[in-house]
1. Among the residues of the range 72-118, write down those that are open to solvent by 20 Å² or more (accessible area, probe 1.4 Å) and among the aromatic types (Phe, Trp, Tyr).
2. Considering only the range 28-38, I want to know if a residue exists there that is farther than 30 Å from Ile171 by Cα and in a helix (DSSP H, G or I).
3. Take the residues in the range 19-48 that are open to solvent by less than 40 Å² (accessible area, probe 1.4 Å) and touching a His at 6+ places or on another chain (Cβ under 8 Å), then tell me which one is farthest from Lys195 (Cα to Cα).
4. Checking the structure you have, find out if any residue of the range 42-60 is in a helix (DSSP H, G or I), at pLDDT below 95 and on the phi < 0 side of the Ramachandran plot.
5. Of all residues in the range 140-149, how many are surrounded by 20 or more Cβ atoms within 10 Å (Cβ to Cβ) and modelled with pLDDT of 95 or more?
6. For the range 208-226, name all the residues that are of a type in the set (A, V, I, L, M, F, W, C), in contact (Cβ under 8 Å) with a residue 24 or more places away in the chain and open to solvent by 10 Å² or more (accessible area, probe 1.4 Å).
7. For Asn246, indicate whether it is open to solvent by 70 Å² or more (accessible area, probe 1.4 Å), touching a residue at least 40 places away in the same chain (Cβ under 8 Å) and out of contact with any Ser or Thr (no Cβ under 7 Å at 6 or more places or on another chain).
8. Which one of the conditions (1) at pLDDT 80 or above; (2) exposed (fewer than 12 other Cβ atoms within 10 Å of the Cβ) does Met1 fail to meet, given that it meets all the rest?
Amino acid sequence: MAGVFLGWTVMMTAPAAADALKDEIAPTGKLRVAIAISPAGGAFWSTKTETGFAGVPVDLGKAMAEQLGVSVEYVPHNNSGQIVDAVTKGTWDITFLPKDPEREGRMAFGPIYEVADATYIVKPGSAVTNFATLDQAGVKVAAVNNTTTMRGAIAHLKNAKVTGYQTYDEIFGLLKNGEIDAFALSRDQLNAMAKQIPGTRVLDETFKQTVTAVAVPPNRPLSLAFAVKFLNEAIANGTLRKAYDNNGLKDRPVRTQTN
C-alpha cells in the first residue's frame, strides 16, 4: 500500500507544481512577453510586421509559451528602459533585455544569451575617426533613453554630451540629417545602419560589452527557475540558434556568457 500511496502522491504533485508555475508565470492565462520595437531587429530588438511581431525574443517567447501550454501575448515598448519601468505595473511576465547592475536591483535575470560590443556611428561627412576625436566639447551623441548603452556612453565620454531619445527611429532620422554627431549602440546594429545612411562610419573601438538575458519580475522564484531551465536548454538544443537564423542573423555567432 505504501508504494501505491507514494505513486499516487507523485502523480498528484507534478500537476500541482505545473499549476503553481502557470499561476505565477502566466497569471492572466497567457504568457505576456515584453519586447522592444525598432526596424533594426537583432538579438534584442523586435520588429513590427503586417501580421504581428518578429525577432529573437518573439521566437523565444513563443517557444516558452508552448512549453508551458499557454498562449503567448507580446507587449511592445519603445526601448528596454520602458520595459524596466513597467516591471512594477504587472503588464508583462517575461522579457529578454540587456542586463546591468541598475536593472539587477529591479528584476531577476537568468542566463545571458547574447554578448554585443557597443560603439558609435558618426554622421555623414564627420571628421571623427576614433574615441579621442569624438570625445570633445560640443559634440552631440545620441543613445536610446534609459538603456545600458546610454549609461555606458555617459560613463565613457567625459566631454561630449550624451542625450537620450525614446526611439531608434528618432535617432536614425537625426543622424541621417546630421542633427547629431554620433549614435551609441551595438556594433552589429550600427553596421546595418551604416548601409542605410551613406557616408556614416562605425568606429573601430569598443567602449563596453552589452549582455542580453532572460528576465522576470522580482519575487517570482518559480518563473525564474523555469526561465533559467528554458534558456539553458534553448542554448544547448539549437532553439536559440534557430531563432537567430529565422531573424536575419545566420552569420551572427551565438555569444553566451555564464552568470
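1. Within the range 72-118, the first condition is being open to solvent by 20 Å² or more (accessible area, probe 1.4 Å), and the residues that meet it are 72-78, 82, 85, 88-91, 99, 101-102, 104-106, 108-109, 117.
Listed by number, the residues that qualify are Tyr74, Phe109.
2. Just the residues of the range 28-38 that are farther than 30 Å from Ile171 by Cα, to begin with: 28-31.
Pick out the ones that are also in a helix (DSSP H, G or I) and you get none.
Looking through the range 28-38, none of the residues is farther than 30 Å from Ile171 by Cα and in a helix (DSSP H, G or I).
3. By that ranking, first place goes to Ala34.
4. Taking the range 42-60 and keeping what is in a helix (DSSP H, G or I), we get 56-60.
Pick out the ones that are also at pLDDT below 95 and you get none.
Looking for residues that are in a helix (DSSP H, G or I), at pLDDT below 95 and on the phi < 0 side of the Ramachandran plot, one finds none in the range 42-60, hence no.
5. As a first pass, look at the range 140-149 and keep what is surrounded by 20 or more Cβ atoms within 10 Å (Cβ to Cβ): 141-144, 147-149.
Okay, now just the ones that are also modelled with pLDDT of 95 or more, so 141-143.
Count: 3.
6. Our first condition is that a residue be of a type in the set (A, V, I, L, M, F, W, C); within the range 208-226, this holds for 211, 213-216, 222, 224-226.
Now restrict to residues that are in contact (Cβ under 8 Å) with a residue 24 or more places away in the chain: 211, 213-216, 222, 224, 226.
Passing the criteria: Val211, Leu222, Leu224, Phe226.
7. On the way: open to solvent by 70 Å² or more (accessible area, probe 1.4 Å): yes; touching a residue at least 40 places away in the same chain (Cβ under 8 Å): yes; out of contact with any Ser or Thr (no Cβ under 7 Å at 6 or more places or on another chain): yes.
Against the criterion (open to solvent by 70 Å² or more (accessible area, probe 1.4 Å), touching a residue at least 40 places away in the same chain (Cβ under 8 Å) and out of contact with any Ser or Thr (no Cβ under 7 Å at 6 or more places or on another chain)), Asn246 qualifies.
8. With respect to (1) at pLDDT 80 or above; (2) exposed (fewer than 12 other Cβ atoms within 10 Å of the Cβ), Met1 is out only on (1).
The values are calculated or read from the model by the stated rules, or taken from the named source; none is laboratory data. All values reported here derive from a predicted model rather than from experimental measurement. Don't worry about glycine lacking a Cβ; one is built from the backbone with ideal geometry, like all the others, and counts go over all protein chains shown. With ligands, DNA and RNA removed, areas are computed over all heavy atoms of the protein, side chains included. Shrake-Rupley method; radii C 1.70, N 1.55, O 1.52, S 1.80 Å.
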